[in-house]
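Every read-out reported here was derived from the displayed coordinates using simple, explicitly stated rules and does not represent laboratory data. Keep in mind it's a predicted model, so treat the numbers as computed, not measured. In this analysis, Cβ positions are derived from the backbone assuming ideal geometry, glycine residues included, and neighbour counts consider all displayed protein chains.
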Amino acid sequence: MLNGYFAFGVPLFLIVLYILFEGIRKKSQVQYYIGFILLLIASFLTVFSFQVLQEFWSADARLELQLGYSPDILWVPMIIGLLLVFLNCWRGIRRIYQFQQERKEHHTE
């Protein structure tokens, strides 16, 4: 799991997938459905990165010399994933608030 291609390849693929769906969301009429997909991708990125970090923390201390990369870099996908999760949660909360405001406006007319 700490192989560089796996530890960074999967997060890179998920980030590219996220960017692809973000582009689709911008052009789509049903942005809230695709927003949920973005939240799922960001959540998976966060959980996967956390699992890689847990694997590193539980590994032998000598493994750090064998990795071929700095273990501190493992935090980058985790931080990106957390930021994307918070961004998508904020968008979802804002969308719910807008929906409630629109509903109130339609009932007062």
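Just a few scattered comments:
- Qualifying residues in region 21-44 (those that are of a type in the set (Val, Ile, Thr) and within 22 Å of residue 11 (Cα to Cα)) - the one nearest to the chain's Cα centre (by Cα): 41
- Selection status of residue 4, under 15 Å from the mean Cα position of the chain (by Cα) and in contact (Cβ under 8 Å) with a residue 24 or more places away in the chain: no
- For the criterion of being in a helix (DSSP H, G or I) and surrounded by 16 or more Cβ atoms within 10 Å (Cβ to Cβ), residue 15 passes.
- Verdict on residue 79 being surrounded by 10 or more Cβ atoms within 10 Å (Cβ to Cβ), β-branched (Val, Ile, Thr), closer than 20 Å to residue 2 by Cα and in contact (Cβ under 8 Å) with a residue 40 or more places away in the chain: no
- Single residue of region 45-69 satisfying the filter (among the aliphatic types (A, V, I, L, M) and assigned to a helix (DSSP H, G or I)) that is surrounded by the most Cβ atoms within 10 Å (Cβ to Cβ): 45
- Residue within region 81-91 that is closer than 14 Å to residue 8 by Cβ and part of a helix (DSSP H, G or I) present: yes
- Considering residues of region 58-74 that are of a type outside the set (A, V, I, L, M) and touching a residue at least 24 places away in the same chain (Cβ under 8 Å) only, the residue farthest from residue 11 (Cα to Cα): 68
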